[in-house]
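Input: a single structure, listed below in structure tokens.
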Amino acid sequence: MIGAILGDMIGCPYEFDRGNKTKDFPLFIRYSKFTDDSVMTIAVAEGLMDAMGKSDEEIRQALVHSMQKWGARYPHAGYGHMFSSWLRAEDPKPYGSFGNGSAMRVSSAGWLFDTLEETRHMARLTAEVTHNHPEGIKGAEATASAIYMARTGSTKEAIREYIIREFHYDLSRTCDEIRPDYHHVESCQKTVPEAVTAFLEGTDFEDVIRTAVSLGGDCDTLTCIAGGMAEAFYGVPEDIAAEGRKRLPDDMLAVLDRFCDMLQKNMPSSR
């Protein structure tokens, strides 16, 4: 999960096509900070942990409660208009979104469950409370699936083949082919394939992050998604993780630490 948060932080200064589409940039600058991507990543992780082992409806309720709680705690993190309204609603309902928010917040689902089938099911639940459009659900499931496969030892080629077969994303383009014309777009179908491609092309955690940022567009979210996959495959260098942790408030760190403790106690060895 820290990989997704780091992707958000590092991509943040270059969102809205503010970068120059290069991999040569300082990883952290003054404006490298968490946004709504990280807040909702924390919220979803807390909701899933709180409802572990409960019914689907109880999990949905826990997710809604956690997301609204964290949204109220950090109301100016950069949420979209429709999601902001959902966060404030007394009886929030899904609103048919296919935005990339469902994929950016799902990374914990790729770590917390024992099978790929359960991982996909839980990813679907995290999406459906808001992003119940088929593309919104698909983006969350694809992201969590890639994370699960990466942490359990699948090769990149196996991950690529699974994502293409199960989710029908076009992964035929290289990052060099994507980069020139890619621009800010906030849909799953125009963000998740690019994030997967950046992960597949990267040679280590940092290179995945740099590759994702270099594509431009909604690159805090794109890099958040790619960063979650990269963490699962490569791990995160201690110095990069430490710098990211310094930029998180204590309440978010507490959830992150709880998440890491749960993995250490309950999960089998991963990559």
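Quickly run through segment 41-61 and pick out the residues that are surrounded by fewer than 20 Cβ atoms within 10 Å (Cβ to Cβ) and not in a loop (DSSP other than H, G, I, E, B).
Passing the criteria: 49, 50, 56, 57, 58, 60, 61.
Of the residues that sit in segment 221-261 and are in a helix (DSSP H, G or I) and either at pLDDT below 95 or of a type in the set (Lys, Arg) (or both), which one is farthest from the chain's Cα centre (by Cα)?
246
In this structure, is residue 131 outside any helix (DSSP H, G or I) and at pLDDT 95 or above?
yes
Yes or no, residue by residue, for (1) touching a Gly at 6+ places or on another chain (Cβ under 9 Å); (2) polar (S, T, N, Q); (3) more than 19 Å from residue 104 (Cβ to Cβ):
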position: 210; (1), (2), (3): yes, no, no
position: 223; (1), (2), (3): yes, yes, no
position: 228; (1), (2), (3): yes, no, no
position: 232; (1), (2), (3): yes, no, no
position: 245; (1), (2), (3): no, no, yes
position: 257; (1), (2), (3): no, no, yes
position: 264; (1), (2), (3): no, yes, yes
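Looking at segment 69-81, which of its residues are out of contact with any Leu (no Cβ under 6 Å at 6 or more places or on another chain), outside any loop (DSSP other than H, G, I, E, B) and either crowded, with 20+ Cβ neighbours inside 10 Å or at pLDDT 95 or above (or both)?
Within segment 69-81, 69, 70, 72, 73 meet the criteria.
Criterion first (assigned to a loop (DSSP other than H, G, I, E, B), within 17 Å of residue 14 (Cβ to Cβ) and free of Cβ contacts under 8 Å to residues at least 60 places away in the same chain) does residue 208 satisfy it?
No.
For segment 146-169, name all the residues that are in a helix (DSSP H, G or I), among the β-branched types (Val, Ile, Thr) and either in contact with a strand residue (DSSP E or B) (Cβ under 9 Å, 6 or more places away or on another chain) or surrounded by fewer than 18 Cβ atoms within 10 Å (Cβ to Cβ) (or both).
164
For residues that are in contact (Cβ under 8 Å) with a residue 24 or more places away in the chain and among the charged types (D, E, K, R), scanning just segment 221-264, find the one that is surrounded by the most Cβ atoms within 10 Å (Cβ to Cβ).
Result: 231.
Can you name the number of the only condition in (1) in contact with a Ser or Thr (Cβ under 8 Å, 6 or more places away or on another chain); (2) part of a helix (DSSP H, G or I) that residue 66 fails?
Condition (1) is where residue 66 drops out.
The values are calculated or read from the model by the stated rules, or taken from the named source; none is laboratory data. Predicted model, so just to flag it, every value in this text is computed and none were measured. For neighbour counting, all protein chains shown are included, and Cβ atoms are generated from backbone atoms with ideal geometry for every residue, glycine included.
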